[in-house]
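Worksheet: one structure, shown below.
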Amino acid sequence: MNLLLKKEVRLLLPSAATVLVLAIVTPWLGRSPYSLFAIITAVLFFGLLLMATSSFGREISAGTFSSMLAQPVERRRIWRVKIGLLALAAALIFAVCFASCFLRIHDYWADVPGNTGALYLKNNFAKAAGTGALFALMALSGGLWTTLLLRHAIASFWVAFMVPAGVIVLELLVDAQLVSVLSAIVGESSNMPGQDPARTVIYCGMIALGVAYGIAGIVFSWRLFLRAEDAARFGDLFSLSRERVSDDAAPAKKSSRGVRAWKPVRALLKKEFQLHTVSFLFVGAFLILHVLAILLRSDETLLNGFPVLQSLVQFFWVFWLIVPLIIGCMVVAEERKFGVLENQFCLPVTRFGQFILKVLPTLAFGIIVGSVLPLALEIAASSIGASSSGFSNIKNELTSWHFIEFFIKYVGAAAGLALVGIWGSTLAKNFLQATSIAIAGAGACVVIGTLITGKYMFRLFGLGLPILAVIVAAVVFPWLAWRNYKFFAESERVWRRNVLTFAGALLFMFAGSTAFYHRAWEVFLRAEPAHGAAKLSLENPPKLRGNIGSVLQIVLPDGRVWADTFEEKYRHNPRVRGFDALWQNPFGSLPVSQGPQIFPADSDLAASFTKKTEDITLDWIREKNLERFAPASFAGSIYNIQWQGYIGNDGSLWIGNRFDLLKTDSAEAKYLQVGTETDWLGVVTLLQQMIALKADGSLWQWNFSYKDETLEKKARVTPARLGIHNDWVGVTGVQFRAVALAADGSLWMWPQSYDHGPLMKKPRKQPKRLGNIFDAAR
Amino acid sequence: MTEDNSMLLQIDFKSGSPVYLQLVDQIRYAAASGGLRAGEPLPSIRALAEELRVNRNTIARAYEELERQGITESIPGKGCFLNESQSPYTKTARQKILIKKIDEAVVTAHHLQAGREEFLSLAGDRLNFFERKLKGKDNPKN
Amino acid sequence: MDTNVPVIGIQNLTRRYGRHDAVDGLSLTVRRGKCYGFFGRNGAGKTTTIKCLLNLLRPNSGTVRVFGLDPQKHETTVKARLTYVPDQVAFYPWMTVGETLEYLASFRAHWNRDTEADLLRRFQLDPSKKTQGLSKGQRTQLALIGAICPGPELLVLDEPTSGLDPIVRREFIETVIGAYQSGDPEQRTVFVSTHLISEFEGLIDEFTIIDQGRELLTMESDAARNRFKKIRARFSQETKLGLNGALRVKQGGRELEVLADGNSDKLLSEIKAHQPEELKVEALSLEEIFVVSDVLKKSNA
């Protein structure tokens, strides 16, 4: 292969590989792909910018730029090779990324017709791809011209990041004023956003501007390269740090006696501060952009029809999280690039002291800038009515636990990114390398940690991130960073140490989380506590009824009614149309105080409950042509709007397509029999589980994975025996859980199992004992 | 047997004389004093240039000058050889070198405040000493 | 090949860095087959001049011609006929020694494999070693191999031996003489900028001393050594001499040291008139000429 080409490939490879992996993996990390396109666009932009910057940036850092220019090869040829390769890599990444997105959408909403989310995404896919391509073009050209002009990796990165963003935002703001003017000229604006001719003109203009910037940037960089000299024209602007660092290294001039005050801490802190000078400049610019985004938000209809931009503007506060990463990456790598790192170690200050004085301010700075600042901005934004959709009523919620939890997680994310950046920085020789390493490391950790700890869905601000991974990461990264910093000279051992530590940490997480996940301590417990003496039996079974709210009612054979409300921290209230009548509390609002109660058999409440609900059920069954199914099928709350389990009149167990039941004259009602037994007494359908009670008093559970999409697949799943007892007398669902009543009157709760990933969550050995109904007051 | 007989060439950048001329002189001197015998090859231009760390062109120029003066003869494929026939030094040239050395001795004597008689008597003594030594070598019984 | 065209021709070169003139009106000419020395203090403008030769920097004014061609307009042609060993040698860190040489060879029409093998052996460089692990001396040696093997007409060296140990420095010069000047020395030109002059003294035919961007002195080496003389004399008693036209006079008690610039005979006779006890005349080596060049500067001003 042509050696020049080979060299160029090798130069580009690390950053391209990082971005490629990022592009493939990012779509699969979200809980739901609603913000997918915005995040993907941002990732692509950031990643391609990194690639474009490193194309020339690495040559400049390695010092080979001038020797490359000194070879007898036409600059045009060098340019062609570099740009061709860059374009190829970008196209590949782009294609792979959108293929990944497409697969993700397809997977998430597999054959669910009429789902508005999927339709929205599918319709806007082309638009998103187009916008993504535009952003890719702008990223590439931005990276190229800023690197060639400024010759300073960090500065070029920031400028390339912000110039197009700023231009677009400004243009949109200006257009907001122009819309009314243009409408008067072009024509009356219709009510359909996106079809407004005035707006269309503006958006076309915006796209044209973006394309123009992209092409102009590339042409400009071409000209810059052809005329490139071995000196940066504006590099001096951004070497403030360099000059100041070297000035500061000289000891302060004190009195003629030569006594110098011992102030190492202050000197080191001052040096750190100056090292971050460039960052300060750009944090300021980022701030301005954020303010502009908030202003854009204030006009809600401005961005209709442009889902990507809309999401970007709404979620702009998330992008601040890049800042701690960048700041962290700068920290050690820049000193190493300047070559002053070794000198620092010759000072009479301990390495650990220097490390702490470096890491803590950086961490603090990263946290403040990455989380506190944007949140403050958003709070301010909500007070002027331009709040992001992420925080609808944030100012009302400031003291709520919900917000505090969110705040802690956000701060944690900023801190974590800063730490990862610092760690990457200790491994790299310059900023670009550090960024690649940090992104690769963080991404790998997230992916592997998520997979291994069994959670397929990674929710940034939800409960998805296992605490174990967080703790391990919080220990591993700083420790590794410290060791890398301390022994910075030995390169092979550095890599070995990092790899081994990561392997060890992963192993630990795997073992720990598997044990935790599979409730390893239950090995030491009895399989299930024994039940007491039987007070109920299947000959005269009680009737259990749960509803979508949180009320559980049990009608005992002697006519008494036991009732209780189940309070949960998070309320889930899906509205299922058509079933309101059935699941309405027959008593209106139940006069229940805290705690379970038993209403005597002769009470009005009990009587009306028993009769009314049964009547309602039978009427409804007739209405829906479901006579072949026993009323017991409809006893438990139904949390699944797609499918449901039914008990046939002969005791057989069926599974049916629930959605079709809503249509009375549906010809596509589909029911499949599950197994061949005909001794089923009751069934509860949860989101991905079905629990059924057999005539012999045993409970059985079907666990459906997300792959069992169709009814046929579900019907083929073999059930597993739930628990070890066979004195169960009733089963129902309440508050998203399945509740079973044992013969001794004890209530046991079996939780939902979520299965969204390769590791299926197995049912707990120990169900949770809720209490005994016969212990109820009154 | 004295050090000047070897082919150790040295360039003195402080002599003020062009390098190539110094080389020419030194080679001529070596030829005259037996450091280089008739028919012996001169070191190759490259080797000499490398050893003295002198520009090859300079060495080449020196060799050209030597050939022009007839002191050496270059045989293609074999190198440069000292010319057999010619005596490398005319008497005048030899005397010139000797005069230079004598001048040095005279100036030194003057500085050390040795007068004419002392100088001449010492010179005679040294000559006698060397003659005796040479005779002693020829006659083992002495 | 037109032998009358100078290999390097610089006329009134000016190049500014910010507000500071790195090179200010420099002119010099290097003819074919010469070994040209370019001496100057640190920061005098040597590297800037060299970069203008290679179109790594563009002159603010003045002309630069290499092989009679403008390096800006005929960049590839010019660079195909010369090689360059920079001050700070940089290689791609993942490449091995062998790979680096192959990479450099891929740009050249002509590459002498024998020389390459020879030099690798001589410098004891292992072709499979990564460039990252090389010492400073080894990196310079590798750069030199890369510069010599294509057999270029012009070899440009920028501070090649600074920071190297004496053995490596000697080997460097020997290699330039031996390996580079093989082939037709008439066609091989060397342009070396350095401040370690004593080692290059034998190599240099002609030189220019540059100071603060301006040319201070241009001469042939032999002529320079002939022209600048140091006269040392000792008198029997303290004598005051009014030596006009001397470059520098150092007088202390009975000792006298005079630097002469071409007028050594006149000064000598003046000194002899006072009957010195001892009199020594010495030519200045190039290094000494360089060291006293600031005296020259003052005398020219």
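The values are calculated or read from the model by the stated rules, or taken from the named source; none is laboratory data. All figures in this text were calculated on a predicted structure; none of them were measured in a lab. Neighbour counts run over all protein chains shown; Cβ positions are idealised from the backbone, glycine included.
Test residue C:233 against the stated conditions and say whether it is more than 12 Å from chain B (Cβ to nearest Cβ) and touching a Pro at 6+ places or on another chain (Cβ under 7 Å). Explain how you work it out, then say what you get.
Numbers: more than 12 Å from chain B (Cβ to nearest Cβ): yes; touching a Pro at 6+ places or on another chain (Cβ under 7 Å): yes.
So residue C:233 fits the description; yes.
For every residue, the table says whether it meets (1) within 14 Å of another protein chain (Cβ to nearest Cβ); (2) buried (at least 18 other Cβ atoms within 10 Å of the Cβ); (3) touching a helix residue (DSSP H, G or I) at 6+ places or on another chain (Cβ under 8 Å); (4) on the phi < 0 side of the Ramachandran plot.
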position: B:22; (1), (2), (3), (4): yes, yes, no, yes
position: B:31; (1), (2), (3), (4): no, yes, no, yes
position: B:40; (1), (2), (3), (4): no, no, no, yes
position: B:54; (1), (2), (3), (4): yes, yes, yes, yes
position: B:66; (1), (2), (3), (4): no, yes, yes, yes
position: B:79; (1), (2), (3), (4): no, no, no, no
position: B:91; (1), (2), (3), (4): no, no, no, yes
| Hey, does region C:212-219 have a residue that's touching a strand residue (DSSP E or B) at 6+ places or on another chain (Cβ under 8 Å), within 11 Å of chain B (Cβ to nearest Cβ), part of a strand (DSSP E or B) and touching a residue at least 40 places away in the same chain (Cβ under 8 Å)? | no
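This table checks each residue for (1) closer than 29 Å to residue A:356 by Cα; (2) at pLDDT 80 or above.
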site	(1), (2)
A:398	no, no
A:402	no, no
A:406	yes, no
A:429	yes, no
A:449	yes, no
A:466	yes, no
A:471	yes, yes
A:475	yes, yes
A:487	yes, no
| message | Here is a list: C:175, C:189, C:208. Which entry is β-branched (Val, Ile, Thr) and in contact with a Ser or Thr (Cβ under 8 Å, 6 or more places away or on another chain)? | response | C:208
| query | Filtering region A:431-447 down to residues that are modelled with pLDDT of 80 or more and either outside the structural domain of residue A:508 (by TED's automatic domain parsing) or of a type in the set (Val, Ile, Thr) (or both), which residue is surrounded by the fewest Cβ atoms within 10 Å (Cβ to Cβ)? | reply | A:437
| message | Given the criteria in a helix (DSSP H, G or I) and within 11 Å of chain A (Cβ to nearest Cβ), does residue C:78 qualify? | response | yes
| Test for residue C:223: is it within 14 Å of chain B (Cβ to nearest Cβ) and among the small types (Gly, Ala, Ser) | yes
| request: Return yes or no: is residue A:131 modelled with pLDDT of 70 or more and polar (S, T, N, Q)? | output: yes
| field | Unique match (being away from chain C (no Cβ under 14 Å) and closer than 20 Å to residue A:218 by Cβ) among A:78, A:83 | value | A:83
| said: Please go through region C:127-143 and give me each residue that is surrounded by 14 or more Cβ atoms within 10 Å (Cβ to Cβ), of a type in the set (Gly, Ala, Ser) and at pLDDT 90 or above, ordered by number. | reply: C:143
| task | Can you give me the number of residues within region A:1-41 that are of a type in the set (Gly, Ala, Ser), at pLDDT below 75 and in a helix (DSSP H, G or I)? | result | 2
| task | Could you pull out the residue among C:62, C:43 that is surrounded by fewer than 22 Cβ atoms within 10 Å (Cβ to Cβ), assigned by TED's automatic domain parsing to the domain that holds residue C:203 and over 20 Å from the mean Cα position of the chain (by Cα)? | result | C:62
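If you go through region C:150-166 one residue at a time, how many are of a type in the set (Val, Ile, Thr) and either outside any loop (DSSP other than H, G, I, E, B) or surrounded by fewer than 21 Cβ atoms within 10 Å (Cβ to Cβ) (or both)?
Of the residues in region C:150-166, 1 are of a type in the set (Val, Ile, Thr) and either outside any loop (DSSP other than H, G, I, E, B) or surrounded by fewer than 21 Cβ atoms within 10 Å (Cβ to Cβ) (or both).
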| task | Give C:12, C:60, C:4, C:55 a once-over and let me know the one that is polar (S, T, N, Q), more than 9 Å from every other protein chain (Cβ to nearest Cβ) and free of Cβ contacts under 8 Å to residues at least 40 places away in the same chain. | result | C:4
| task | Go through C:268, C:259 for me and flag whichever is in contact (Cβ under 8 Å) with a residue 12 or more places away in the chain, over 22 Å from the mean Cα position of the chain (by Cα), within 14 Å of chain B (Cβ to nearest Cβ) and in a strand (DSSP E or B). | result | C:259
| task | Select from region C:110-133 the residues that are out of contact with any Cys (no Cβ under 9 Å at 6 or more places or on another chain), touching a residue at least 40 places away in the same chain (Cβ under 8 Å) and either among the aliphatic types (A, V, I, L, M) or away from every other protein chain (no Cβ under 14 Å) (or both) and list them in ascending order. | result | C:123
| query | Would it be correct to say that residue C:84 is within 25 Å of the chain's Cα centre (by Cα), among the aromatic types (Phe, Trp, Tyr) and assigned by TED's automatic domain parsing to the domain that holds residue C:157? | reply | yes
| field | Among the candidates C:173, C:204, C:177, residue that is within 12 Å of chain B (Cβ to nearest Cβ) and in contact (Cβ under 8 Å) with a residue 40 or more places away in the chain | value | C:204
| note | Only one of (1) part of a loop (DSSP other than H, G, I, E, B); (2) more than 14 Å from chain B (Cβ to nearest Cβ) does not apply to residue C:276, and that is (2)
| query | Quick one: residue C:106 ticks every box in (1) more than 25 Å from residue C:213 (Cβ to Cβ); (2) more than 9 Å from chain A (Cβ to nearest Cβ) bar one, so which box is it? | reply | (2)
